[in-house]
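Below is one structure, written out as structure tokens, with a few remarks after it.
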Amino acid sequence: MVKAIVYTAPKCPHSKNIKEFLIGNDVEIDERCVLTSPVALDELRELSGQMGIPVTKIDDEVFIGFDRRVERRIKRKIGV
């Protein structure tokens, strides 16, 4: 099973959408809330160089945001 780390925040609609997309495509997610975890916030900054969410890491590839372009890239990455 493919595994992903997803940096999110509560009430963020894009965070909700990417989680639903990943779960719907049988991707196991490790959700890390940047508002409640200073460690997650530091990881997010290190990975993406910014504080915008959602940020998804699958293997060594980082996906910033969630739109159709990112969705297509993730689908190629996970083989869907």
From the Cα centre of region 60-80 to that of region 26-40, the distance in Å is 17 Å
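Can you figure out the FRET efficiency of ARG69 with GLU31, using R₀ = 22 Å and their beta-carbon distance, to the nearest 0.05?
Values: r = 22 Å, r/R0 = 1.02.
So the FRET efficiency works out to roughly 0.50.
Only helical DSSP H runs with n ≥ 4 go in: add -39500 (n - 2.57) per run for the chain, normalise by residue count and round the 222 nm mean residue ellipticity to 500 deg cm²/dmol. Please report the intermediate quantities before stating the final value.
Working: 3 runs with 34 residues, N = 80.
Calculated at 222 nm, the ellipticity per residue is -13000 deg cm²/dmol.
Just in the chain: which trypsin sites (Lys or Arg not before Pro) are loop by DSSP and have at most 10 other Cβ atoms within 10 Å? Numbers along the way, then the final one.
Numbers: sites: LYS3, LYS11, LYS16, LYS19, ARG32, ARG45, LYS57, ARG68, ARG69, ARG72, ARG73, LYS75, ARG76, LYS77; in loops: LYS11.
Sparse-neighbourhood loop trypsin sites (Lys or Arg not before Pro): LYS11.
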What is the dipole size for the chain, taken about its Cα centre, with +1 at each Lys and Arg Cβ and -1 at each Asp and Glu Cβ, in debye to the nearest 20? 400 debye
How high is the relative contact order of the chain? Use alpha-carbon pairs under 8 Å, at least six apart in sequence, and give a whole percent. 33 percent
Set of lysines with alpha-carbon distance to LYS77 below 24 Å, sequence-local pairs under 8 removed: LYS3, LYS16, LYS19, LYS57
Check which residues have an amide H placed less than 5 Å from THR8's amide H, if you skip close sequence neighbours. ARG32, CYS33, VAL34
Equivalent ellipsoid semi-axes for region 3-78, as square roots of 5 times the alpha carbon gyration tensor eigenvalues: give them largest first, rounded to whole Å. 18, 13, 11
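Read-outs throughout are calculated quantities, based only on the coordinates presented, and are distinct from any laboratory measurement. Source: prediction; values computed, not measured. Cβ atoms come from the backbone with ideal geometry, glycine included; neighbour counts cover every protein chain shown.
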